[in-house]
Amino acid sequence: MSNVRAFLKPFLTGGLIVLFFVQAACHGPERSPGDALLDGARQAFLDGRYGDAEHDYQTYLERFPKGTARLEAWQRLADISQDIRVSPRKAALLLETALLENAGNPAVQASLSLRAASLRLEGKDYDGATKQLTRVIALPGLDTGMLAKACRELAHARIQARDTAGALEAYTLCRTKVTDPGQRSQCDLSKARLLMQLDRLQEAEPILQELFADKRLPASVRGEAGFALGQLSEDGHDKKAARKYYEQVRDMYPNPLAVAQKLKYLK
């Protein structure tokens, strides 16, 4: 019997060693407390256990002031406040707190501020929205599309606050700061529409003429500008000019049926 044991000893020892490494490989490297907490928060969020997710993300922010996933935690807490708690004000406050931690990252700051501004608008806090959008516009090296969007949103905030002068200033600021013609054209088109609503037609017309004539711009922008010029011509009782504009934008205006109805009316 002792001879049998001696014979099997190398195999048994080797088997135990192999088993040890297999178990170690299965378990993998030990998770850090922060990563473990994040895993729990993420899974709870995916499972719809928002109270648990909220608790875990809050705990992560409290325990790990230098954690690499803090931005994710702030954003998920804002998601829960906005969509589950239906509290746009609290969601905005969470995002504005996250802003303080990302002062050196213009792209992240812009994204957070734009979302916070949208939430402020939802809560009818127009001055709060204006503050966030002004912050975005002042950021250095901002992407042109994001800059143009911030200017348009700023104008929208001022319109909601019944500050049309402030809205027009925002559109003018867009023209000054945004160099890309396509992005800038959206601001110009919105400005012209606002001027038309204010019955300042002599100011709106040259903006629309410039947009309509610029073949670098998207067809939809040129189509909307031409359609607006047709409306101005109608208002001025110049049916011939109105028909000409409508015929020119027949294939450019986003709503061809509206153009067809205008032309039918002007026959």
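Tell me whether region 78-88 contains one or more residues that are part of a helix (DSSP H, G or I) and basic (Lys, Arg). Within region 78-88, not a single residue is part of a helix (DSSP H, G or I) and basic (Lys, Arg).
Residues that are of a type in the set (Val, Ile, Thr), under 27 Å from Tyr253 (Cβ atoms), in a helix (DSSP H, G or I) and in contact with a Leu (Cβ under 9 Å, 6 or more places away or on another chain): does region 162-171 have at least one?
Looking through region 162-171, at least one residue is of a type in the set (Val, Ile, Thr), under 27 Å from Tyr253 (Cβ atoms), in a helix (DSSP H, G or I) and in contact with a Leu (Cβ under 9 Å, 6 or more places away or on another chain).
Residues in region 31-45 that are part of a helix (DSSP H, G or I) and farther than 15 Å from Ala78 by Cα: Pro33, Gly34, Asp35, Ala36, Leu37, Leu38, Asp39, Gly40, Gln43, Ala44.
Filtered by the rule that a residue be open to solvent by 50 Å² or more (accessible area, probe 1.4 Å) and part of a helix (DSSP H, G or I), region 93-109 gives Leu93, Thr97, Leu100, Glu101, Ala107. Pairing each residue of region 64-77 that is part of a helix (DSSP H, G or I) with any residue that is open to solvent by less than 50 Å² (accessible area, probe 1.4 Å), provided the two are 6+ apart or on different chains, yields C-beta distances under 6 Å for Ala73/Tyr57; Ala73/Tyr60; Ala73/Leu61; Trp74/Leu94; Trp74/Ala98; Arg76/Tyr57; Leu77/Tyr57; Leu77/Leu94.
Scanning region 69-92 for residues that are open to solvent by less than 70 Å² (accessible area, probe 1.4 Å) and under 17 Å from the mean Cα position of the chain (by Cα) gives Leu71, Glu72, Trp74, Gln75, Ala78, Asp79, Gln82, Pro88, Ala91, Ala92.
Among the residues of region 19-67, which ones are exposed (fewer than 10 other Cβ atoms within 10 Å of the Cβ), modelled with pLDDT under 85 and of a type in the set (D, E, K, R)? Scanning region 19-67 gives a single hit, Glu30. Would a scan of region 131-139 turn up a residue that is under 23 Å from Arg42 (Cβ atoms) and touching an Asp or Glu at 6+ places or on another chain (Cβ under 8 Å)? No; the residues of region 131-139 include none that is under 23 Å from Arg42 (Cβ atoms) and touching an Asp or Glu at 6+ places or on another chain (Cβ under 8 Å).
The values are calculated or read from the model by the stated rules, or taken from the named source; none is laboratory data. Model, not experiment: these values are computed from the prediction. As a convention, Cβ positions derive from the backbone with ideal geometry for all residues, glycine included, and neighbour counts pool all protein chains shown. When the accessible area is computed, the model is the full protein with side chains, heavy atoms only, and any ligands, DNA or RNA have been set aside. Shrake-Rupley method; radii C 1.70, N 1.55, O 1.52, S 1.80 Å.
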